[in-house]
Amino acid sequence: MKLGIVRERRLHERRVAASPDTVKKLVGLGLDVVVERGAGLSAAIQDIAYAQAGASLVDTAADALGDADIVFKIRKPFGPDEPDNEVDLLKDGAVLACLMEPYRDRGLFNAIAARNITCFALELIPRITRAQTMDVLSSQANLAGYKAVIEAGAAFGRAFPMMMTAAGTVPPARCMIMGAGVAGLQAIATARRLGAVVSATDVRPAAKENVESLGATFVAVEDEEFRQAETAGGYAREMSREYRDKQAALIAETISRQDIVICTALIPGRPAPVLVSEDMVKAMKPGSVIVDLAVEQGGNCPLSVYGETVSRYGVTIIGRANMPSEVAVDASALFSKNLLNFLTPLIDSDTGLLSIDTEDEIIKGSLVTWHGAVVHPAVLELQDETGGEAS
């Protein structure tokens, strides 16, 4: 079987879906790995490194995808209605695994299903113990949380730690993390290592212990709704208007004393919740910094601008697009290992062929198209462009 890797062509994407290390292991599984020339350059991987790992190099995406039985990508392919159409380059019946943004663009999934392509949306892999090594969201969010603090530090006009000098004492920076998932916890740890005084908030009760274990102060309205605010999958549940108002009042008072705010709160399939309002930004100290990791889903701050750094009311607001891609070398290495760990159990050790068990919890959770049809409930619920239910 052939496995194809191509250069990512979406804007702001520097990662690549295979490293020389994973190519070597994929070849060891009996796969013929084909890599488009230049696919890893933006992640500091030279073509020769892939060749030395056992991959074959080809000149174009069409060469890499045309007869590939399996395709690994970072981001979803361009569809038939887009200039760089990649779906039509895929072999009928191929297997595709990448980040598919499953809550958007039903038309793309229809086009993929029409080619009889078996498509896995990696962000839908269930967060269970057995799937931890396959969890691309966690591996990438971890790096995003780290990089968010580094970006904030670069824009902040002061030092993070307290410094005692002969000329006087520099107080430590005060940093608040909005959302204590994987990205948020890494942001807490990074800000603490740099010497900041850190606080954090999250609507999930389980987050309190995690936040405090890292030495940060937990900030939340801890009422009955708060205690019921976590889904079975470990994600945040959307809160009532009453709770959001109470929480907003507490956060507003806390944020006014902060130097740096890192926003990481997301709800799967929904726009990012607004946590830092314009009035809150107005109340922040001049020279403060906000980094909005949720900007790709609308932002936790309505003043964030996707892909830009702006100044509002004396506050620098960073809306970096695709933060994990800013750490492309490490992000690619981790993502490619996630993909390797996802694929390995699917290859039959006796025949060397794919064996996809649709009753397996991991497969059932991430399989979007199968045997020419869209099969995942989350995608089936998407509405078509006319506003009617998608067929």
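The values are calculated or read from the model by the stated rules, or taken from the named source; none is laboratory data. These numbers were taken from a predicted model, which means no experiment stands behind them. Cβ placement follows ideal geometry from the backbone for every residue including glycine, while neighbour counts extend to all protein chains displayed. Only protein heavy atoms, including side chains, enter the accessible area calculation; ligands, DNA and RNA are left aside. Shrake-Rupley method; radii C 1.70, N 1.55, O 1.52, S 1.80 Å.
So which of 79, 107 is farther than 15 Å from residue 8 by Cα and out of contact with any His (no Cβ under 7 Å at 6 or more places or on another chain)? First the steps, then the outcome.
Numbers: 79 fails: farther than 15 Å from residue 8 by Cα.
Residue meeting the stated conditions: 107.
Test residue 15 against the stated conditions and say whether it is basic (Lys, Arg), touching an Asp or Glu at 6+ places or on another chain (Cβ under 9 Å) and open to solvent by less than 50 Å² (accessible area, probe 1.4 Å). Give the derivation first.
Values: basic (Lys, Arg): yes; touching an Asp or Glu at 6+ places or on another chain (Cβ under 9 Å): yes; open to solvent by less than 50 Å² (accessible area, probe 1.4 Å): yes.
It is true that residue 15 is basic (Lys, Arg), touching an Asp or Glu at 6+ places or on another chain (Cβ under 9 Å) and open to solvent by less than 50 Å² (accessible area, probe 1.4 Å).
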Task: Any pair with Cβ under 6 angstrom, 6 or more apart, that starts in region 102-117 at a residue that is under 16 Å from residue 268 (Cβ atoms) and ends at one that is of a type outside the set (Lys, Arg) and open to solvent by less than 10 Å² (accessible area, probe 1.4 Å) - done: 102/121; 102/379
Task: Counted residues, region 131-161 - those being at pLDDT below 95 and open to solvent by 60 Å² or more (accessible area, probe 1.4 Å) - done: 2
TODO: Report yes if some residue within region 266-283 is in contact with a helix residue (DSSP H, G or I) (Cβ under 9 Å, 6 or more places away or on another chain) and part of a strand (DSSP E or B); otherwise report no.
DONE: no
Open item on the list: Please determine whether any residue of region 148-157 is under 24 Å from residue 309 (Cβ atoms) and not in a helix (DSSP H, G or I).
Closed with: yes
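Residues being open to solvent by 40 Å² or more (accessible area, probe 1.4 Å) and either part of a loop (DSSP other than H, G, I, E, B) or touching a residue at least 40 places away in the same chain (Cβ under 8 Å) (or both): count how many of those fall in region 162-184.
Start the filter on region 162-184 by keeping residues that are open to solvent by 40 Å² or more (accessible area, probe 1.4 Å), which leaves 162-167, 169-171, 174, 182.
After this cut, where a residue has to be either part of a loop (DSSP other than H, G, I, E, B) or touching a residue at least 40 places away in the same chain (Cβ under 8 Å) (or both) as well, the list is 162, 166-167, 171, 174, 182.
Residues meeting the conditions: 6.
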Task: region 326-340 residues that are touching a residue at least 40 places away in the same chain (Cβ under 8 Å) and among the acidic types (Asp, Glu), paired with ones that are surrounded by 21 or more Cβ atoms within 10 Å (Cβ to Cβ) and outside any helix (DSSP H, G or I) (beta carbon under 8 Å, 6 or more apart) - done: 326/320
- [ ] Could you please tell me which pairs satisfy a Cβ distance under 7 Å, a separation of 6+ or placement on different chains, a first residue in region 273-287 that is touching a residue at least 40 places away in the same chain (Cβ under 8 Å), and a second residue that is part of a loop (DSSP other than H, G, I, E, B) and of a type outside the set (Gly, Ala, Ser)?
- [x] 275/300; 276/300; 276/301
Task: Residues being open to solvent by 40 Å² or more (accessible area, probe 1.4 Å) and under 18 Å from residue 13 (Cα atoms) - total across region 310-328 - done: 2
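So which residues in region 190-218 are outside any helix (DSSP H, G or I), at pLDDT 90 or above, open to solvent by 20 Å² or more (accessible area, probe 1.4 Å) and within 22 Å of residue 274 (Cα to Cα), if there are any at all? Before the answer, list the steps.
So in region 190-218, the residues outside any helix (DSSP H, G or I) come out as 194-205, 214-218.
Remaining after also requiring at pLDDT 90 or above: 194-201, 214-218.
If we keep only those that are open to solvent by 20 Å² or more (accessible area, probe 1.4 Å) as well, we get 194-195, 197, 214-215, 217-218.
Within region 190-218, 217, 218 meet the criteria.
Could you list all residues from region 305-329 that are of a type in the set (D, E, K, R) and within 14 Å of the chain's Cα centre (by Cα)?
Step one: of region 305-329, the residues of a type in the set (D, E, K, R) are 308, 312, 320, 326.
Those that are of a type in the set (D, E, K, R) and within 14 Å of the chain's Cα centre (by Cα): 320, 326.
For every residue, the table says whether it meets (1) assigned to a helix (DSSP H, G or I); (2) of a type outside the set (A, V, I, L, M); (3) within 21 Å of residue 114 (Cα to Cα).
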{"position": "341", "(1), (2), (3)": "yes, yes, no"}
{"position": "344", "(1), (2), (3)": "yes, yes, no"}
{"position": "349", "(1), (2), (3)": "no, yes, no"}
{"position": "352", "(1), (2), (3)": "no, yes, no"}
{"position": "356", "(1), (2), (3)": "no, no, yes"}
{"position": "369", "(1), (2), (3)": "no, yes, yes"}
Task: When residues of region 56-85 are limited to those that are in contact with a Phe, Trp or Tyr (Cβ under 7 Å, 6 or more places away or on another chain) and not in a loop (DSSP other than H, G, I, E, B), the one nearest to residue 137 (Cα to Cα) - done: 74
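Considering only residues that are open to solvent by 10 Å² or more (accessible area, probe 1.4 Å) and over 16 Å from residue 337 (Cα atoms), look in region 18-35 and name the one that is nearest to the chain's Cα centre (by Cα). Before the answer, list the steps.
At the first step, the residues of region 18-35 found to be open to solvent by 10 Å² or more (accessible area, probe 1.4 Å) are 19-21, 24-25, 27-30, 32, 34.
Adding the requirement that they be over 16 Å from residue 337 (Cα atoms) leaves 30, 32, 34.
Working: 30: 30, 32: 29, 34: 26 Å.
Across region 18-35, the extreme among qualifying residues is 34.
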Task: Pairs with Cβ under 7 Å, 6+ apart, first in region 45-67 and under 14 Å from residue 18 (Cα atoms) and aromatic (Phe, Trp, Tyr), second surrounded by 16 or more Cβ atoms within 10 Å (Cβ to Cβ) and at pLDDT 95 or above - done: 50/20; 50/23; 50/35; 50/40; 50/57
- [ ] Keeping to region 23-55, report how many residues are closer than 19 Å to residue 136 by Cα and touching a strand residue (DSSP E or B) at 6+ places or on another chain (Cβ under 9 Å).
- [x] 3
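Quick one: would you say residue 276 is in contact with a Cys (Cβ under 9 Å, 6 or more places away or on another chain) and either within 30 Å of residue 240 (Cα to Cα) or not small (Gly, Ala, Ser) (or both)?
For residue 276, the condition - in contact with a Cys (Cβ under 9 Å, 6 or more places away or on another chain) and either within 30 Å of residue 240 (Cα to Cα) or not small (Gly, Ala, Ser) (or both) - is met.
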Task: Residues within region 91-118 that are in a loop (DSSP other than H, G, I, E, B) and surrounded by 21 or more Cβ atoms within 10 Å (Cβ to Cβ), tallied - done: 4
